[in-house]
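Enquirer: My questions all concern the structure below.
Just so you know, all these numbers are worked out from the coordinates, no wet-lab data involved. Since we're looking at a predicted model, the values are computed, not measured. Every residue, glycine among them, receives a Cβ derived from its backbone with ideal geometry; neighbour counts consider all protein chains shown.
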Amino acid sequence: MPELPEVEVVRRGLDTHVTGRRITAVEVLHPRATRRHELGPVDFADRLAGRDVVAARRRGKYLWLELDGAEAILAHLGMSGQMLVQPEGTADEKHLRVRLRFDDGGPELRFVDQRTFGGLAMADLVDVDGAALPVPVAHIARDPMDPAFDPDAAVTALRRKRTGVKRALLDQTLVSGVGNIYADESLWRTKLHWARPTEKLSRAQAGELLSAAADVMNEALAAGGTSFDALYVNVNGQSGYFDRALAVYGQEGRACRRCGSVIRRDPFMNRSSYSCPKCQPMPKNPHI
DNA sequence: CCTAACTCCTGCATGC
DNA sequence: TGCATGCAGGAGTTAG
């Protein structure tokens, strides 16, 4: 569930509580959490001992702690990943996967992940169009909060696809950071049905959609993110409150706040799409 | 090259 | 009560 705003809340927390500290010991409690680290959990832990964290960075839904020496600890929260800053001695969380300790004896950094879709890995930093990115992030497009985000280029990329507009919006190589929640909210704001073929969108429509995505994610960030349960929290374990502002996502059966029609839920890519049947009518040639 | 289906995983809600 | 089923879904991998 964590999308760009939720990941950014976590990044800010890490920058406040972890940047500038030296790692002393790393404990991997579940090997799946480091499955993307090809040399294995022992290598992951050994190589981190003694390293300095110099920054906390993000692109789209990817997050990384930059280390001295052009390397990083790359993190993806997946569905249920949490980065928690906890005082030493605090009882282990049920789904604690990785623990990092620091030489100042201050609070630990814990990676907790119930559904295990997320994970940590070490990665080299490479230059991609002027940005220093971990190698596995090199193919991820800039997100709408990136100062160098190019809306015209994103519009072109979106309209070049031969698919439904929501699929394109979720494609992290076109524009990053948008997941199921903010895709549905952006489409509702722009009055577009999720199955609208991308190649039939005008440049203006595509631009409005991307602008709406940026707006809704900025508003969610200001509210501390969206939470439906205790799974998404900041580094202090607190939830955001943007779920109260959602117009369609998770609102099946409720009245559209714009026209009063009953919000519907459609099956989409083995999950769900929420929309207003009147504001977002099915196109003549839907791209299912 | 492009697009779309498949797959990984746990916990909770629901239905018989 | 207990068991089966469905659902939450990001993104790498595989298939066509």
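Enquirer: Going toward the positive end of the dipole of chain A, with +1 on Lys and Arg Cβ and -1 on Asp and Glu Cβ, which of A:Ser227, A:Pro5, A:Pro277 do you reach last?
Expert: Ranked along the dipole, the leading option is A:Pro277.
Enquirer: Taking the Cα centre as origin and putting +1 on Lys and Arg beta-carbons and -1 on Asp and Glu beta-carbons, what dipole magnitude results for chain A, to the nearest 20 debye?
Expert: Using only the charged Cβ atoms, the result is roughly 1640 debye.
Enquirer: Working from Cα positions, state the angle (0 to 90°, nearest 10) between the long axis of helix A:4-17 and the longest principal axis of chain A.
Expert: Rounded to the nearest ten degrees, it is 20.
Enquirer: To the nearest 10 degrees, how steep is helix A:151-160 against the longest Cα principal axis of chain A, on a 0 to 90 scale?
Expert: Tilt of helix A:151-160: around 70 degrees.
Enquirer: Projecting each Cα onto the charge dipole of chain A (Lys/Arg +1, Asp/Glu -1 at the beta carbon, about the Cα centre), which of A:Leu125, A:Ala56, A:Ser80 comes out farthest on the positive side?
Expert: Checking the options against the dipole of chain A, the answer is A:Ser80.
Enquirer: Compute the helix-to-body angle for A:180-190: its Cα long axis versus the longest principal axis of chain A, expressed 0 to 90° and rounded to tens.
Expert: 30
Enquirer: Can you compute the charge dipole magnitude of segment A:4-137 about its Cα centre, using +1 on each Lys and Arg Cβ and -1 on each Asp and Glu Cβ, nothing else charged? Give it in debye, rounded to the nearest 20.
Expert: It works out to roughly 480 debye.
Enquirer: Okay, moving on. Ordered by residue, what ³J(HN,Hα) values in Hz, to whole numbers, does segment A:26-32 give under the Karplus form 6.51 cos²θ - 1.76 cosθ + 1.60, where θ = phi - 60° and Gly and Pro are x?
Expert: Karplus-based 3J(HN,Hα) across segment A:26-32 equals 10, 10, 9, 8, 9, x, 5 Hz.
Enquirer: Starting from the Cα of A:Lys191, draw a straight line to each of the aspartates and glutamates and keep only those under 18 Å, dropping any in the same chain fewer than 8 residues away.
Expert: Counting by Cα, and skipping residues close in sequence, A:Lys191 has these aspartates and glutamates nearby: A:Glu199, A:Glu208, A:Asp215, A:Glu252, A:Asp266.
Enquirer: Counting other C-beta atoms within 10 Å, and keeping those with at most 12, which DSSP coil GluC sites (Glu not before Pro) do you find in segment A:1-103?
Expert: For GluC sites (Glu not before Pro) across segment A:1-103 that sit outside H, G, I, E and B with at most 12 neighbouring Cβ atoms in 10 Å, the list reads A:Glu38, A:Glu88.
Enquirer: So, one more: Counting each DSSP H run of 4 or more residues in chain A as -39500 (n - 2.57), what helix-only mean residue ellipticity at 222 nm follows after dividing by all residues, to the nearest 500 deg cm²/dmol?
Expert: -7500 deg cm²/dmol
Enquirer: Between beta-carbons, use under 14 Å as the cut-off and find the net charge around A:Ala91, counting Lys and Arg +1, Asp and Glu -1.
Expert: -1
Enquirer: Same structure again: Points 7 angstrom from Cα along the Cβ direction at A:Ala91 and A:Lys200: gap in nanometres?
Expert: Placing both labels 7 Å beyond Cα along the Cβ direction yields 5.7 nm.
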